[in-house]
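> Sharing a structure below in structure tokens format, with a few things to ask.
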Amino acid sequence: MTVTMGGALNTALRDALTADDNVMVFGEDVGTLGGVFRITDGLTEKFGEDRCFDTPLAEAGIVGFAIGMCLTGFRPVVEMQFDAFAYPAFEQITSHVAKMRNRTSGAVGLPMVIRVPYAGGIGGVEHHCDSSEGYYAHTPGLKVVTPSDAADAYSLLREAIDDPDPVIFMEPKALYWSKQDIELPCKRPAFGKAKVRRDGDDVTIVTYGPSVPTALKAAEAAAEEGWSVEVIDLRTIVPFDDETVVQSVRRTGRCVVVAEAQGFAGVSGEVAARVTERCFHSLAAPVARVSGLPTPYPAPMLEQTYLPGVERILDAISRLQWDDQPDLTFAGVGARG
Amino acid sequence: MTPYVLSLGIDLGNMPGRRDTGVMETTAETMTAALLPSPNPVQLIDPTGAEVEQSGTRRDYSMPSAARLRATWHAMVVGRRFDVQATALTKQGRLAVYPSSRGQEACQVGATLSIGSGDWLFPTYRESMALVTRGIDPIEVLSLLRGDSHCGYDPIATKTAAQCTPLSTQLVHAAGAAYGERRRGTDHVALAFIGDGATSEGDFHEALNFAAVFEAPVVFFVQNNKYAISVPLSKQTKAPSLAYKGIGYGVPSEQVDGNDPAAVLAVMDVALEHCRSGKGPFLIEAHTYRMDAHTNADDATRYRSSDEVTAWLERDPIARVEAWLRARGELNDDMVAAANAEAEARAADLRERMNLEPAVDPMSLFDNVFAQRTPQLEEARAMVRAELDAEVGE
């Protein structure tokens, strides 16, 4: 049947609530309204206010409250309404959620999921379009997961809820309405396994979340130019699947990392560094990055310039030193005179 | 605003008419009175050890039994000796740092002894004495400050959260745990400690609000020891007293002489009864004083006078309850000597054990980041393993 990513997430929550009485869903507007993106639609109606409920409007409170509930054996799934609205909870997430198992020598695990609709591409006004995955991925103790299709959305969310550790579940909001023909429930590869979305021989694109469909379009366009492009969807940023990425790049010899988040000090830079460390002797060109711009996320009418699109990806591919032509993009940097 | 007012049956826009609506007025006043603290801190025993006539408090507080006060006195004697020992160990370099609670014994010991083993305790870094009172091995309590681990005891087995350093963040955990207990159908509560400065943090307010909305049985216990490191309370708030911060969240509150162990026990009893009967959280502000500096690394002479400190010596919590017990024949020289000897023996035992180097294993760094190590952790672990093996080989 045809399922949207949003529908798959809703089904995953329903199935998890049915499977385990300790699972509880709460956050802002997740009850009667069903969430601003309707991901929790109908859950309160079906499972009652004890299982899916609205909270006061305070993100640190929501996350901290979930930590306390874990101490009494519950498995909270909380929603941060938007990426940038999760920042008030940042201290709870980085100082407590991420560190609790470690600082208690394993005595206290926090089997909780923090769902974060993230990234842009929906014409949202400011503070509604941040790619915040880098903050979480940089914090040891957090698993950071991001699906790019409905099947992964279902499978990864079920796995996140069952996981003994806290999971930051990043939902690319631009893909909520994307459709896929699948049967639910479904089970896809576990955390730490990337997925080759398209096979290719000349270039490997490593990407995740909202950028996966863009990368696939770019690969299609590149094929017309004569480049065979492999597209890897990371699915989980933490844990990271070095194996799949390395095997692909060693074979193709070229790599472009595509991510919507701005590039400086972010996940895309981490991927580029890992690939360089592990595949240096197989590389025919420096690892290229195509990312968001080093600016705050722009006003909606400017977001198409900001977002890494097909053209920018094709341009990066074209500069990968084909025919031993050196890429001179950065030649001026550091030059004297 | 209007719907809320109407729901109380009061027309605030028609003030002259209020005299004619006595019943409604009483409802509002009763509701407000039920939330407000007493105008003055509750005190049952004054600094000289004399019993204080009760008048003007918003609730009735009764003198705890002599046996309970004697047990509290005993634990305070042991607790203070522990605290002094920990400070000494810090000076000897055995602890990285120690935030003393000397002078706050009535709060640390009184509040902790009031709860049961099934209840949760959420301590800050200043609650080492409370944790020792709770029955946790002092050497496990000091693990954090000695630096061999972040938390030396098992928070689940002891129902005692790891000592919390980021201010007031543990209060929302307490609200969640208390709500969890309520959902499990138990009558267990959470006792959450916090200092005066931390009431300015956002999480304090979110915790009170969450606990109130979800009727979570939490006793929020503010030890107002007058200073947040160096910043005095006057720069922290314009509230008449910190206990008044409860009413805005619909949380009943009380203020208590935090150097009067009898009053702390009595107010804790009322708060616990409130929580256990399903009425939600309770806020207590205990007026006390930090006799030592913030930590050994702090110089308190830069922000407070020795006269001020000396004045608080006269309000000593141990001396006053000792005087009260002696006057009633509930305590004698032999019992005092025995308690001091026990406190001394425990301090000696702690000193001896703390003088042994703790065993720390570098390889444990990679445990408990997650339940299972990720490939990235395995990589880092292999690197450190190789480094250690190379050191052995040298």
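Every number in this text was worked out from the coordinates using simple rules, so none of it is lab data. The shown structure was predicted, so the numbers you read here are calculated from the model rather than taken from an experiment. Counting neighbours? That spans all protein chains shown, and the Cβs are built from the backbone with ideal geometry, glycine included.
> Of all the stretches in chain A, which is the longest one without any exposed loop site, taking trypsin sites (Lys or Arg not before Pro) in a DSSP loop (any state but H, G, I, E, B) with at most 10 other Cβ atoms within 10 Å?
The longest such stretch corresponds to A:1-186.
> From the helices alone, meaning DSSP H stretches of at least four residues, give me the mean residue ellipticity at 222 nm for chain B, per-run term -39500 (n - 2.57), in deg cm²/dmol to the nearest 500.
Numbers: 15 runs with 179 residues, N = 394.
The helix-only estimate for chain B comes to -14000 deg cm²/dmol at 222 nm.
> In which sequence would A:H128, A:H96, A:H281 go, from the one with the fewest C-beta neighbours within 10 Å to the one with the most?
By the 10 Å Cβ count, ascending, the order reads A:H281, A:H128, A:H96.
> Quick one: Karplus J couplings for the stretch B:230-240, per residue in order, coefficients 6.51, -1.76, 1.60, θ = phi - 60°, nearest Hz, x for Gly and Pro?
Using θ = phi - 60°, the values come out as 10, 7, x, 4, 4, 8, 9, 7, 10, 5, x Hz.
> Tell me, what HN-Hα J-couplings in whole Hz come from the Karplus equation 6.51 cos²θ - 1.76 cosθ + 1.60 at θ = phi - 60° for each residue of the stretch B:246-260, using x for Gly and Pro?
x, 4, x, 9, x, 9, x, 9, 8, 10, 9, 5, x, 10, 10
> Would you calculate a helix-derived [θ] at 222 nm for chain A, using -39,500 (n - 2.57) for each DSSP H run of n ≥ 4 and dividing by the full residue count, to the nearest 500?
Calculated from helices alone, the mean residue ellipticity at 222 nm is -9000 deg cm²/dmol.
> Using the Karplus equation 6.51 cos²θ - 1.76 cosθ + 1.60 (θ = phi - 60°), what ³J(HN,Hα) coupling, rounded to whole Hz, does each residue of the stretch B:155-169 give in order, writing x for Gly and Pro?
x, 6, 4, 9, 6, 10, 4, 4, 4, 9, 9, x, 4, 6, 5
> Against the longest alpha carbon principal axis of chain A, how many degrees, from 0 to 90 and to the nearest 10, is the axis of helix A:267-279 turned?
Roughly 50 degrees between the two axes.
> With label points built 7 Å along Cα→Cβ from the Cα atoms of A:V125 and B:D299, find their separation and express it in nm.
Placing both labels 7 Å along Cα→Cβ, they lie 5.3 nm apart.
> Calculate the length of the line joining the C-alpha centroid of the stretch B:287-303 to that of the stretch A:94-128, in whole Å.
If you average the Cα positions of each part, the centres end up 36 Å apart.
> Using alpha carbons only, how many angstrom separate the centre of the stretch A:156-209 from the centre of the stretch A:7-64?
If you average the Cα positions of each part, the centres end up 21 Å apart.
> Further question: Note down the magnitude of the dipole of the protein assembly as shown about its Cα centre, charges +1 on Lys and Arg C-beta and -1 on Asp and Glu C-beta and zero elsewhere, to the nearest 20 debye.
Dipole size: approximately 540 debye.
> If you average the alpha carbon positions of the stretch A:270-306 and of the stretch B:77-103, how far apart do those two centres end up, in angstrom?
Answer, in whole Å: 53.
> Between B:Q85, B:M335, B:L121, whose Cα lies farthest towards the positive end of the dipole of chain B when Lys and Arg beta carbons carry +1 and Asp and Glu beta carbons carry -1, centred on the Cα centre?
B:L121
> Within a 10 angstrom radius of the beta carbon, how do A:W227, B:W120, B:W312 rank from fewest other beta carbons to most?
The most exposed by this proxy come first: B:W312, A:W227, B:W120.
> For A:V23, what residues show an amide H to amide H distance below 5 Å, using hydrogens built from the backbone and excluding near sequence neighbours?
Sorted by chain and number, the residues that satisfy this are A:R75.
> To continue, here is another question. Please get the size of the charge dipole for chain B, origin at its Cα centre, with Cβ charges of +1 on Lys and Arg and -1 on Asp and Glu, quoted in debye to the nearest 20.
About 680 debye.
> Using a simple charge model, +1 on the beta-carbon of Lys and Arg, -1 on the beta-carbon of Asp and Glu, nothing else, what dipole does the stretch A:195-324 show about its Cα centre, in debye to the nearest 20? Intermediate results must be reported in sequence, preceding the final value.
Values: 13 positive and 19 negative charges, 59 e Å.
For this selection, approximately 280 debye.
> Report, in listed order, any pair from A:K46/A:K143; A:K173/A:K195; B:K226/B:K279 with a Cα-Cα distance greater than 23 Å. Walk me through the numbers on the way to the answer.
Details: A:K46/A:K143 30 Å; A:K173/A:K195 20 Å; B:K226/B:K279 30 Å.
Those over the limit are A:K46/A:K143; B:K226/B:K279.
> 7 Å from Cα along Cα→Cβ at both B:S234 and B:S62: what's the point-to-point distance in nm?
According to this spin-label approximation, the distance is 4.2 nm.
> Then there is this: Non-local amide H neighbours of A:I205 (under 5 Å, H modeled in plane, Pro and chain starts lacking H): which ones?
When sequence neighbours closer than 5 places are left aside, the close amide H contacts are A:E230, A:V231, A:I232, A:V256.
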